[in-house]
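Student: One structure coming up, written as structure tokens, with questions to follow.
The values are calculated or read from the model by the stated rules, or taken from the named source; none is laboratory data. Since the model is a prediction, treat every value here as computed from it, not as a measurement. FYI the Cβ positions are ideal-geometry reconstructions off the backbone, even for glycines, and counts take in every protein chain you see.
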Amino acid sequence: MAENVVNGREVTGMITHWLKTPVNGYLGSTYGSEIQSLLQDPQSAVKADSLFDKLKEDVEILQVLPDNAVNLYSEQSGFDTTRLFIETFDNRINLDEVERRS
């Protein structure tokens, strides 16, 4: 009997797909991210946790992975810029560079 194994590259692909898909991008589904609204908020706003929670809700495989398998973090860049990243296994996704589907 063959085992179904999901690797880190596939998980990264799932997260990238979610980031590229706007909320309600699929009829009758709330699947997708509101990344643009997060990137436009002041740095003092605490919305990253809600984004991460929605990611785990929409991409259900993340619920069964160990807690440290997927991480959301930020890096300060210059005086007024904060860059957000999602790291999964050995892959790092820069949220600024994710292109949205139209």
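Student: Suppose we filter LEU62, LEU19, LEU51 for residues that are touching a strand residue (DSSP E or B) at 6+ places or on another chain (Cβ under 8 Å), surrounded by 12 or more Cβ atoms within 10 Å (Cβ to Cβ), in a helix (DSSP H, G or I) and at pLDDT below 85; which single one remains?
Tutor: Just a single option satisfies the conditions, and that option is LEU51.
Student: A further question follows. How many of the residues making up the range 47-66 are touching a Ser or Thr at 6+ places or on another chain (Cβ under 8 Å) and under 18 Å from GLY13 (Cα atoms)?
Tutor: 4
Student: Name the residues in the range 63-102 that are hydroxyl-bearing (Ser, Thr, Tyr) and touching a Lys or Arg at 6+ places or on another chain (Cβ under 8 Å), would you?
Tutor: Once the filter is applied, which keeps residues that are hydroxyl-bearing (Ser, Thr, Tyr) and touching a Lys or Arg at 6+ places or on another chain (Cβ under 8 Å), the range 63-102 yields SER74, SER77.
Student: Hey, can you tell me all the residues within the range 67-87 that are closer than 19 Å to ARG9 by Cα, surrounded by 12 or more Cβ atoms within 10 Å (Cβ to Cβ) and of a type outside the set (D, E, K, R)?
Tutor: Passing the criteria: ALA69, VAL70, ASN71, LEU72, PHE85, ILE86.
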